[in-house]
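Visitor: Let me give you the structure first, and then I'll get to my questions.
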Amino acid sequence: AQSVAQPEDQVNVAEGNPLTVKCTYSVSGNPYLFWYVQYPNRGLQFLLKYITGDNLVKGSYGFEAEFNKSQTSFHLKKPSALVSDSALYFCAVRGQNRDDKIIFGKGTRLHILP
Amino acid sequence: DTGVSQNPRHKITKRGQNVTFRCDPISEHNRLYWYRQTLGQGPEFLTYFQNEAQLEKSRLLSDRFSAERPKGSFSTLEIQRTEQGDSAMYLCASSLGGIGAYEQYFGPGTRLTVT
């Protein structure tokens, strides 16, 4: 069975500092991995995804994520945080079988402190 | 706007009543998902369709919940005999389907309040 874990309910980072939001996963075979962001009173927005190849994936708004197969992790990163990055972030995974569905983590609230 | 749309955006109903929500996906997307989200939690999978076929339904979903996608385009989610525990945001998402890392596009959601 597929599963996603986001071990931190909340992450606080000072503006201008690098940020990391953690995600680990479990899936049979190779994974497809995703990050989504949800701003208050808004729908989920796609940030980036990992398919194959380069372990460092770049996405929207300056975010990137690093895939680590041995640690089954897909941590979200940004070199310099902005106050406007404050939001709820969700990691998601699906297997590569045709009928596999996307499973979401419970989310991590990111607070960027001015 | 060619995104995913959901109607209504808000629904307040009394316990025991039936409600129906509608989702219109992005037109070229053959896969459609329904999720439920409560405050501070991630989207909880309910069910999904590949074209008009319902491929999977969550074991957490009681028999009071039913979903259809009759022509492989829009979908409806019906909740019969609503309970206060059904109060949540109901999200619809669509994507291309099959083999491939296709991201989902989400609608704005329908917020259900059961009084």
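The values are calculated or read from the model by the stated rules, or taken from the named source; none is laboratory data. All figures in this text were calculated on a predicted structure; none of them were measured in a lab. Here Cβ is always computed from backbone atoms with ideal geometry, including for glycine, and neighbour counts include all displayed protein chains.
Visitor: Is one or more of the residues making up segment B:82-101 over 25 Å from A:Gly107 (Cβ atoms) and among the charged types (D, E, K, R)?
Guide: Taking every residue of segment B:82-101 in turn, none turns out to be over 25 Å from A:Gly107 (Cβ atoms) and among the charged types (D, E, K, R).
Visitor: To continue, here is another question. How many residues are under 10 Å from the mean Cα position of the chain (by Cα) and surrounded by 18 or more Cβ atoms within 10 Å (Cβ to Cβ) if we restrict to segment A:1-29?
Guide: Of the residues in segment A:1-29, 4 are under 10 Å from the mean Cα position of the chain (by Cα) and surrounded by 18 or more Cβ atoms within 10 Å (Cβ to Cβ).
Visitor: Could I ask something else about it? For segment A:70-106: of the residues being of a type in the set (Gly, Ala, Ser), free of Cβ contacts under 8 Å to residues at least 60 places away in the same chain and surrounded by 16 or more Cβ atoms within 10 Å (Cβ to Cβ), which is nearest to the other protein chains (Cβ to nearest Cβ)?
Guide: A:Ala87
Visitor: For segment B:3-115, please list each of the strands (runs of 3 or more DSSP E) lying entirely inside it that holds at least 1 residues being in contact with a Cys (Cβ under 7 Å, 6 or more places away or on another chain).
Guide: Per the criteria, B:5-7, B:19-24, B:31-37, B:75-79, B:88-95.
Visitor: Say whether the condition of being under 14 Å from the mean Cα position of the chain (by Cα) and either touching a residue at least 60 places away in the same chain (Cβ under 8 Å) or at the interface with another protein chain (Cβ under 9 Å from one of its Cβ atoms) (or both) is met by at least one residue in segment B:60-75.
Guide: Taking every residue of segment B:60-75 in turn, none turns out to be under 14 Å from the mean Cα position of the chain (by Cα) and either touching a residue at least 60 places away in the same chain (Cβ under 8 Å) or at the interface with another protein chain (Cβ under 9 Å from one of its Cβ atoms) (or both).
Visitor: Any residue at all in segment A:50-61 that is surrounded by 14 or more Cβ atoms within 10 Å (Cβ to Cβ) and either in contact with a Ser or Thr (Cβ under 8 Å, 6 or more places away or on another chain) or at positive phi (or both)?
Guide: no
Visitor: Taking segment A:49-69, which residues are among the hydrophobic types (A, V, I, L, M, F, W, C) and more than 9 Å from chain B (Cβ to nearest Cβ)?
Guide: A:Leu56, A:Val57, A:Phe63, A:Ala65, A:Phe67
Visitor: Also, quick follow-up: Do you know which residues across segment A:38-48 are away from chain B (no Cβ under 11 Å) and aromatic (Phe, Trp, Tyr)?
Guide: A:Tyr39 - this is the single residue of segment A:38-48 that is away from chain B (no Cβ under 11 Å) and aromatic (Phe, Trp, Tyr).
Visitor: Taking the stated definitions as given, is B:Ala93 buried (at least 19 other Cβ atoms within 10 Å of the Cβ) and more than 10 Å from every other protein chain (Cβ to nearest Cβ)? Show your work before the answer.
Guide: Values: buried (at least 19 other Cβ atoms within 10 Å of the Cβ): yes; more than 10 Å from every other protein chain (Cβ to nearest Cβ): no.
For B:Ala93, the condition - buried (at least 19 other Cβ atoms within 10 Å of the Cβ) and more than 10 Å from every other protein chain (Cβ to nearest Cβ) - is not met.
Visitor: If you take the residues in segment A:1-20 that are in a strand (DSSP E or B) and among the polar types (S, T, N, Q), which one is farthest from A:Pro31 (Cα to Cα)? Write out each step before concluding.
Guide: Taking segment A:1-20 and keeping what is in a strand (DSSP E or B), we get A:3-5, A:10-14, A:19-20.
Those still in the list that are among the polar types (S, T, N, Q) too: A:3, A:10, A:12, A:20.
Details: A:Ser3: 11, A:Gln10: 25, A:Asn12: 29, A:Thr20: 21 Å.
That would be A:Asn12.
Visitor: Take the residues in segment A:21-56 that are β-branched (Val, Ile, Thr) and touching a Leu at 6+ places or on another chain (Cβ under 7 Å), then tell me which one is modelled with the lowest pLDDT.
Guide: A:Val37
Visitor: Given (1) surrounded by fewer than 13 Cβ atoms within 10 Å (Cβ to Cβ); (2) farther than 16 Å from B:Tyr105 by Cβ; (3) in contact (Cβ under 8 Å) with a residue 24 or more places away in the chain, identify the lone condition not met by B:Phe21.
Guide: (1)
Visitor: So, one more: Just give me the residues in segment B:27-44 being surrounded by fewer than 20 Cβ atoms within 10 Å (Cβ to Cβ) and free of Cβ contacts under 8 Å to residues at least 60 places away in the same chain, in sequence order.
Guide: Across segment B:27-44, the qualifying residues are B:Ser27, B:Thr38, B:Leu39, B:Gly40, B:Gln41, B:Glu44.
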